[in-house]
Structure formats: C-alpha cells, structure tokens
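Worksheet: one structure, shown below.
The values are calculated or read from the model by the stated rules, or taken from the named source; none is laboratory data. Because the structure is predicted, anything quoted here is derived from the model rather than measured. Neighbour counts run over all protein chains shown; Cβ positions are idealised from the backbone, glycine included. Quick note on the areas: whole protein, heavy atoms, side chains included, nothing else; ligands and nucleic acids left out. Shrake-Rupley method; radii C 1.70, N 1.55, O 1.52, S 1.80 Å.
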Amino acid sequence: MSYCLNPNCPQPQNHHEEKICKACGSQLLLKDRYRAISFLDSGGMSRNFLALDTDMPQEKRCVVKQFFPAPQVLDDVEAFEKSIELFQREGAQLDRLGADSTQIPKLFAYLEQERRFYLIQEFIDGQNLREIIKESG
Ligand SMILES: [Zn+2]
C-alpha cells in the first residue's frame, strides 16, 4: 500500500504501485524515493509514517516524519517559525546522535516537498521515537 501524506486527503490509502494519489493528486513518493506505506502515530508537531526507501535493493523500511503543527500554530507566524526551528533542530540532533548509536535512529534526509517539511529517519523496530528523544534529551 501507499499512504498519501496530504493531511486533508479524503482517501489516503492507494495501491502500492501508484505514484500519484487517486483521491487528491498529491505525490505519493518523497523526492521520487521514499514511499509512505502506513500511518504510525502523531503527536506534538508531527505525524509519523512507516515508509520504504525505494532506492534500496530490499526497499528498506524507514520512518517519514512530517512537520504537522497544530492549527493555532499555523495562524501564528512567530509560533510557526519557532516550531519549524524545533523540527529542524530535532533533525540536527538525530544527525549528530544517531550516527554512532544503535538506539537512536539515524537521519537519512531533511526535505521539503509540496510546501511540507519532512525528516527521513532510520526505522528501529520496537522503539518509540518520542521516548528515545525524551530520554536522550
Ligand atoms: Zn491523497
């Protein structure tokens, strides 16, 4: 399955081979590479998806983290800038800490597509990303 990343999509589930969402016309692949396949969880200012890296021979699993602030943040320029800064800082933190840790996911990419921001992270089975980040500061 491919999962549409548009938060307003009326029907986010698509067939695996699709590149464009049938319901809303959004790109299903990020940078023509990362394909979200299911919704994991949401919280704070992001939504997490299980995804596949289609450039890898085994279509390795990864996590797509979409910057998704609360509606009141979207209406407040200052709050929005602050939260996007936090989101970028989280990416920088993962990049630094995840490189030589088996517990903290590695950062694969920070990207923007269709005016939304994403972190692409290593998928660590059985680990809750938020708890890890909380523990490691
Ligand atoms: Zn869609």
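Brief remarks on what is shown
- Among the lysines of the stretch 4-137, pairs that are 8 or more positions apart or on different chains and have alpha carbons within less than 22 Å of each other number 13.
- Using a simple spin-label model with pseudo-atoms 7 Å out from Cα toward Cβ, A109 and A23 lie 2.4 nm apart.
- Theoretical gain in end-to-end length, Q11 to R89 [0.36 nm per residue, Cα-Cα removed]: 24.9 nm
- Taken over the C-alpha atoms, the stretch 2-136 has Rg and Dmax values of 14.7, 43 angstrom.
- Accessible carbon and sulfur surface of the stretch 2-136 relative to its total accessible area, %, 1.4 Å: 48 percent
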